[in-house]
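Participant: The structure that follows is given in the form of C-alpha cells.
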Amino acid sequence: MMLNYDAPLYRPPSEAKSLIFQVTLGCSFNECSFCDMYRSKEYSERPWEEIKIEIDMMAKQLPDTTRIFLADGDALNLDANYMEKIVKYIYEKFPKLERISCYAMPMNILKKTPEELKKMHDAGLNMFYLGIESGSDVVLKKVTKGATSKTIIKSVNKAKDAGYIMSCMIILGLGGKKYSKEHIQGTAEVISACTPQYVGALTLYLENGIKDEFLQKYSGEFVQINDDEALNELEGLLDKIKTKEEIIFRANHGSNAYTIKGTFPQDKQKMLEHIRWMREHPEVVRPQGLRGF
Ligand code: SF4
C-alpha cells in the first residue's frame, strides 16, 4: 500500500527519487502572486499519530530509503520540537537514510532561534529549499512575497550558520520589462551576500488561475520579457554575482528557454561565454511547447 497523499503534492526536481512525507498541508503564507501551488488548500499541520503511522508503514515497504523530503510548501513552519521529534523518528526507522530536506520561507527560518535550528540539524534535517525569487525590494513587493532582500539574506546566512545546505530558487522575468534591471541587480546582490550552496534559475510561468491577480498586484505595469531578454537577464545575473565561495548554479529547469549550469566562482567566465554562444545559436532555445513547470 502506498501513501495516500493530499493533492496537489509538490517537491523540488532534485527530490524526484526521494520518499515524501506530508507533515504540513498547504503553505502558511500562500500569498505570493506568481504561485498557485497551494491555492486549493488551507494550511494545516498534521498530527503525530497520522505521521507516525505513515512513517511506520513506509519503513516496512522501503527500508533502504536514503533521501526523504518533508512536504508541503513550508514544512519548516512546524514548531522546532515537533520537527525534531519527526526527524529523529524517521532516522530511527530508516537505517540507511542520508538526508532529510524540506521547503522553507525566510520567515520560517527567522522565527526560529539559532539553537532551535541547530537542534533540528543535529537530529538530521540537512537541507532547505528556499525561494529567493528576486533580490529587488520593488519586485518582491509587487509579487507580495512577504520577504525583503534583507530578510532573505539574513535567513539564508542564519540557516547556513546552523549547518544547513541551502538550495535557492530565483525567477527570471519576475520584474517584467520595467523592473528587469532592478530585478537582476538586486538578485545578484542577494546571492553574493548569502552565497547559497545551490542556486536554480526558473523562468516566470503564470498559470491562468493566478494571471489576473498577478497583473493586478503589479498595478498594470507588468509586460512579460521575451526569450532574448531572459537570456540577457541570465547573462546580467551571472556577470554580477560576486563570490569566492562555491555556488552550484543551474538554469536547467523545464520553464527556461535556455539551459546553463556551472559552479561559481571557477566557471563564471565559461558560463558567460556559453551565453554569448547561445545568443548566436538561437536554435538551442527550448521550444515553447516543451516548457512548463
Ligand atoms: S512561493 Fe512558496 S511561500 Fe509563496 S505562496 Fe508559493 S509555496 Fe507559499
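Participant: Give a residue-ordered list of calculated ³J(HN,Hα) values for the stretch 254-269 (Karplus: 6.51 cos²θ - 1.76 cosθ + 1.60, θ = phi - 60°; whole Hz; x for Gly, Pro).
Facilitator: Karplus values, whole Hz, x for Gly and Pro: x, 7, 7, 6, 10, 10, 8, 8, x, 10, 6, x, 5, 9, 4, 5.
Participant: Among Ser101, Ser40, Ser28, which one shows the biggest mean-square fluctuation in a GNM of the chain, springs joining Cα atoms closer than 10 Å?
Facilitator: Largest GNM mean-square fluctuation: Ser40.
Participant: Where the only charges are on Cβ atoms (+1 Lys, Arg; -1 Asp, Glu), what is the dipole of the chain about its Cα centre, to the nearest 20 debye? Write out the running numbers ahead of the final one.
Facilitator: Numbers: 40 positive and 41 negative charges, 100 e Å.
Its charge dipole is roughly 480 debye.
Participant: Kindly point out, ordered by number, any Cys in the chain whose beta-carbon has no other cysteine beta-carbon under 4.7 Å away.
Facilitator: Those would be Cys27, Cys102, Cys168, Cys194, since no other cysteine Cβ in the chain comes under 4.7 Å of theirs.
Participant: Treat every Asp and Glu Cβ in the stretch 43-177 as -1 and every Lys and Arg Cβ as +1, leave all other atoms uncharged, and give the resulting dipole magnitude about the Cα centre to the nearest 20 debye. Could the numbers behind the result be given before it?
Facilitator: Values: 21 positive and 18 negative charges, 113 e Å.
In debye, rounded to 20, the stretch 43-177 gives about 540.
Participant: Rank-order 57-70, 76-89 by packing density, defined as the average count of other C-beta atoms within 10 Å over each peptide's residues, highest first.
Facilitator: Values: 57-70: 16.6, 76-89: 19.0.
In decreasing order of mean packing, 57-70, 76-89 become 76-89, 57-70.
Participant: So, one more: For every helix of n ≥ 4 consecutive DSSP H residues, a contribution of -39,500 (n - 2.57) applies; sum these over the chain, divide by its total residues, and give [θ] at 222 nm rounded to the nearest 500 deg cm²/dmol. Don't jump to the answer; show the numbers that get you there.
Facilitator: Details: 10 runs with 115 residues, N = 293.
Value at 222 nm, helices only, nearest 500: -12000 deg cm²/dmol.
Participant: Return the Rg/Rh value of the stretch 63-216, two decimal places, where both radii are evaluated on C-alpha atoms and Rh is the Kirkwood radius. Show your work: numbers first, answer last.
Facilitator: Working: Rg = 16.7 Å, Rh = 16.4 Å.
Radius of gyration over Kirkwood radius for the stretch 63-216 works out to 1.02.
Participant: For the chain, take the longest principal axis of its alpha carbons; what is the angle in degrees between that and the long axis of helix 80-93, to the nearest 10 within 0 to 90?
Facilitator: Relative to the chain, helix 80-93 is tipped by roughly 70 degrees.
Participant: Pull out a ≥ b ≥ c, the square roots of the eigenvalues of the alpha-carbon gyration tensor of the stretch 100-181, then state rounded if a/c is under 1.5, prolate if not and a/b is larger than b/c, and oblate in the remaining case. Display every interim value, and only then the final one.
Facilitator: On the way: a/c = 3.15, a/b = 2.27, b/c = 1.39.
Prolate, because a/c is 1.5 or more and a/b exceeds b/c.
Participant: Using θ = phi - 60° and the Karplus relation 6.51 cos²θ - 1.76 cosθ + 1.60, list the HN-Hα couplings for the stretch 178-191 in order, rounded to whole Hz, with x at every Gly or Pro.
Facilitator: 5, 10, 4, 4, 4, 4, 6, 4, x, 5, 5, 5, 5, 4
Participant: Separate question: How many percent of DSSP beta bridges within the chain run antiparallel, rounded to 5?
Facilitator: Working: 7 of 35 bridges.
Close to 20 percent.
Participant: Still on this structure: Using modelled backbone amide H atoms (1.01 Å from N, in-plane), which distant-in-sequence or interchain residues come within less than 5 Å of Arg46's amide H?
Facilitator: Hits under the 5 Å cutoff: Thr24, Leu25.
Participant: Between helix 48-61 and the chain, what is the angle of the helix's C-alpha long axis to the longest principal axis, kept within 0 to 90° and rounded to the nearest 10?
Facilitator: Between the helix axis and the principal axis of the chain, the angle is about 90 degrees.
Participant: Output the Kirkwood hydrodynamic radius of the chain, Cα pairs only, in Å rounded to one decimal. Numbers along the way, then the final one.
Facilitator: Values: mean 1/r = 0.0505 Å⁻¹.
Kirkwood hydrodynamic radius for the chain: 19.8 Å.
Participant: Sort out for me the Cα centre separation of the stretch 153-231 from the stretch 1-33, rounded to whole Å.
Facilitator: That distance is 21 Å.
Participant: If you don't mind, another one. With the other protein chains left in place, how much accessible area per residue, in square angstrom, belongs to the chain at a 1.4 angstrom probe? Before the final figure, lay out each step's value.
Facilitator: Details: 13710 Å² over 293 residues.
Value returned for the chain: 47 Å² of accessible area per residue.
Participant: Can I ask one more? Where the accessible area of the stretch 13-287 is counted over protein heavy atoms with a 1.4 Å probe, how much of it, in %, is carbon and sulfur? Intermediate results must be reported in sequence, preceding the final value.
Facilitator: Working: 6300 of 12220 Å².
Of the solvent-accessible surface of the stretch 13-287, carbon and sulfur hold 51 percent.
Participant: Which of the pairs Lys145/Lys177; Lys17/Lys242; Lys150/Lys244; Lys119/Lys141; Lys118/Lys242 have their Cα atoms more than 24 Å apart in this structure? If you can, show how the numbers build up before the last one.
Facilitator: Numbers: Lys145/Lys177 19 Å; Lys17/Lys242 33 Å; Lys150/Lys244 21 Å; Lys119/Lys141 33 Å; Lys118/Lys242 28 Å.
Too far apart for the 24 Å limit: Lys17/Lys242; Lys119/Lys141; Lys118/Lys242.
Participant: Same structure, new question: Counting Lys and Arg as +1 and Asp and Glu as -1, each charge on the Cβ, what is the dipole of the stretch 192-259 about the Cα centre in debye, to the nearest 20? Walk me through the intermediate numbers first.
Facilitator: Numbers: 6 positive and 12 negative charges, 59 e Å.
Around 280 debye, computed over the stretch 192-259.
Participant: Right, next: Roughly how tilted is helix 208-217, in degrees to the nearest 10 and between 0 and 90, from the longest Cα axis of the chain?
Facilitator: That helix lies at roughly 70 degrees to the long axis.
The values are calculated or read from the model by the stated rules, or taken from the named source; none is laboratory data. The structure presented is a predicted model; accordingly, all values stated were derived computationally and were not measured. Neighbour counts are summed over all protein chains in view; Cβ atoms, including those assigned to glycine, are modelled from backbone coordinates with ideal geometry. Quick note on the areas: whole protein, heavy atoms, side chains included, nothing else; ligands and nucleic acids left out. Shrake-Rupley method; radii C 1.70, N 1.55, O 1.52, S 1.80 Å.
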